[in-house]
Amino acid sequence: MTKNSQTKLINPNWEQHGYIQVYTGNGKGKTTASLGLAMRALGRKWKVLIIMFTKGGDDYGELNSFRELTPEISQNLKIVQAGLDRIIYKSNQNEEDYIEIKKGWELAKKAIKNQEYQLIILDEANIAIDMGILDVDEVVEVLKNKPDEEEIVLTGRNAHPKIIEIAHLVSKIEPIKHYWDTGIAARKGIEY
């Protein structure tokens, strides 16, 4: 490959282009990574939307931290919890879960279409898709038609192959060793 042909492959407007990122896998740290990205973006005065699918309630350390941000930073952040105050699985999901997650998805679609935010994090969207609450084909269509400047992140295990296919960045976080395997429960400040 010649130097001239290499130059043509580089997007000259890469800083202005938004990509689709996916953080998936069975390991710990998918939400944590996306929230670190949110803090980085907020530090650059980006407008950030975080929709937490399958997560409700108030006992999350990250929510406490976000509430303490300076007014200048917090004016650029919106967090929406589109879930009930419990962990849901295929075996315990109910109509209320469906309603909350669908409300969050409708808000996400509107925000994407209206170009309100530079970074949109769809936390645990992969789980909502995997459980059949969100239609993968609809999500793919919305993501394919997102404005060029928007960065969109989807987190959660079991990312659908169709989501992986359209993503520009996919990180699979897998456990090599986890203290949960020895019976240690989730800890405040570390897992939530």
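What the table shows:
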quantity: Residue that is farthest from ARG44 (Cα to Cα), among those in segment 139-164 that are among the acidic types (Asp, Glu) and touching a residue at least 12 places away in the same chain (Cβ under 8 Å); calculated: ASP148
quantity: Residue selected from segment 1-38 under the condition loosely packed, with under 10 Cβ neighbours inside 10 Å, among the hydrophobic types (A, V, I, L, M, F, W, C) and not in a loop (DSSP other than H, G, I, E, B), by the criterion modelled with the highest pLDDT; calculated: TRP14
quantity: Residue among TYR117, TYR89 that is under 23 Å from VAL48 (Cβ atoms) and outside any helix (DSSP H, G or I); calculated: TYR117
quantity: Residue within segment 172-190 that is out of contact with any Leu (no Cβ under 7 Å at 6 or more places or on another chain) and buried (at least 17 other Cβ atoms within 10 Å of the Cβ) present; calculated: no
quantity: Boolean, ILE127 is under 22 Å from GLU62 (Cα atoms), among the aliphatic types (A, V, I, L, M) and at pLDDT below 95; calculated: no
quantity: Hey, HIS160 in contact with an Asp or Glu (Cβ under 8 Å, 6 or more places away or on another chain), more than 19 Å from LYS55 (Cβ to Cβ) and at pLDDT 95 or above or not; calculated: yes
quantity: Members of segment 59-77 that are in contact (Cβ under 8 Å) with a residue 12 or more places away in the chain, outside any helix (DSSP H, G or I) and surrounded by fewer than 17 Cβ atoms within 10 Å (Cβ to Cβ); calculated: ASP59, LEU69
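The values are calculated or read from the model by the stated rules, or taken from the named source; none is laboratory data. Please read these numbers as outputs of a predicted model, since none were measured by experiment. FYI the Cβ positions are ideal-geometry reconstructions off the backbone, even for glycines, and counts take in every protein chain you see.
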